[in-house]
């Protein structure tokens, strides 16, 4: 059984998230999703949607076999327990595959890293784009 791991913030679910998760699921038998903790998000603004609510939304997706919150200390901590065969990265996630592979090996994890390329599923396929559109539409 091939375990595939996908990670992300999943602030406002949109077609880009669904495409990412569908492509990830196609790589194996079980799709496990780690939803980023509010505290650990440093590369962009903090989410408006609380982490437990984001987790609940991801868990509700039929394609997801299991979803958990990430660690508040070390992003690699849950990987030790999950022991995924494949770790997927979204086209816009800021991880360098080679650096990630080195860190995984250092920790004794032999997972393959696969970048899921963008297939442009729509104009509003980004939480930031959706929020901007809402703000622009409701400006006085």
(message) Restricting to the stretch 26-38, give me the number of residues that are within 20 Å of residue 80 (Cα to Cα) and either modelled with pLDDT under 95 or under 14 Å from the mean Cα position of the chain (by Cα) (or both).
(response) 7
(request) Could you tell me whether any residue of the stretch 46-58 is touching a strand residue (DSSP E or B) at 6+ places or on another chain (Cβ under 9 Å), closer than 25 Å to residue 112 by Cα and modelled with pLDDT of 95 or more? (result) yes
(request) Please verify whether the stretch 3-17 includes one or more residues that are part of a loop (DSSP other than H, G, I, E, B), surrounded by 21 or more Cβ atoms within 10 Å (Cβ to Cβ) and in contact with a strand residue (DSSP E or B) (Cβ under 7 Å, 6 or more places away or on another chain). (result) yes
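The values are calculated or read from the model by the stated rules, or taken from the named source; none is laboratory data. Since the structure is predicted, the reported quantities are computational estimates derived from the model, not experimental observations. Don't worry about glycine lacking a Cβ; one is built from the backbone with ideal geometry, like all the others, and counts go over all protein chains shown.
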